[in-house]
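Report on the structure given below.
The values are calculated or read from the model by the stated rules, or taken from the named source; none is laboratory data. The structure displayed is predicted, hence computed values, not measured ones. Virtual Cβ from ideal backbone geometry, glycine too; neighbours counted across all protein chains shown. Areas reflect the complete protein model, heavy atoms only, side chains present, ligands, DNA and RNA absent. Shrake-Rupley method; radii C 1.70, N 1.55, O 1.52, S 1.80 Å.
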Amino acid sequence: MPSEIKSPGGVAFELVWEKPSKDPSKVLNSPSDKDKEIDPEKIKEKLQAAEERRKSMLIEARKSQGQETTEKIKKAQAKAAELDTKFKEETKLNLTEKLGKVEVNKEVSKQHFQLKIEKTKEQREKVQQRKKEHVDVGDNGDASTGSS
């Protein structure tokens with residue numbers, strides 16, 4: 001006695017209305033409790049085995065967490081070391097550059113100071129030369145340096 005049912009979405013189902021070939025009560029029956037004997041030792045063994053499984057699973061979970069934590073720590077240390085190395089290199093470059101500029105400025109200042117000293121020497125020599133010429137002119141009697 002098959003019958004056809006259509007759903008509003010356009011899908012058709014065919015249902016067969018026949019009696020089952022097997023007795024459903026026999027198929028769905030669970031094993032009777034009468035067949036099993038309750039042995040306290042077996043129950044205790046099963047409980048101990050379950051406890052051991054739980055403990056081993058907990059230990060494995062903790063190991064994996066420990067390994068993950070260790071990996072994270074190693075990655076962080078490697079990154080910190082890399083950043084430290086990078087900072088050291090940048091600082092070294094900056095210091096080298098600054099020292100180079102200081103050396104250049106020092107050399108320029110030294111040259112400027114030497115030039116100033118040379119100009120001062122030249123000026124002093126000119127003044128001494130004029131004084132000497134002035135004194136020499138006074139010895140010849142041309143200049144009025146004596147008493148009357």
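Can you confirm whether I43 is at pLDDT below 95, among the hydrophobic types (A, V, I, L, M, F, W, C) and surrounded by 10 or more Cβ atoms within 10 Å (Cβ to Cβ)?
It is true that I43 is at pLDDT below 95, among the hydrophobic types (A, V, I, L, M, F, W, C) and surrounded by 10 or more Cβ atoms within 10 Å (Cβ to Cβ).
Quick check on K19: is it under 60 Å from the mean Cα position of the chain (by Cα) and at pLDDT 65 or above?
The answer is no for K19.
A quick yes/no check of all residues on (1) open to solvent by less than 100 Å² (accessible area, probe 1.4 Å); (2) aliphatic (A, V, I, L, M); (3) assigned to a loop (DSSP other than H, G, I, E, B); (4) modelled with pLDDT of 75 or more:
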position	(1), (2), (3), (4)
D33	no, no, yes, no
R54	no, no, no, yes
S64	yes, no, no, yes
K79	no, no, no, yes
E97	no, no, no, yes
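Tally up the residues in region 81-93 that are open to solvent by less than 90 Å² (accessible area, probe 1.4 Å) and more than 17 Å from the chain's Cα centre (by Cα), please.
1
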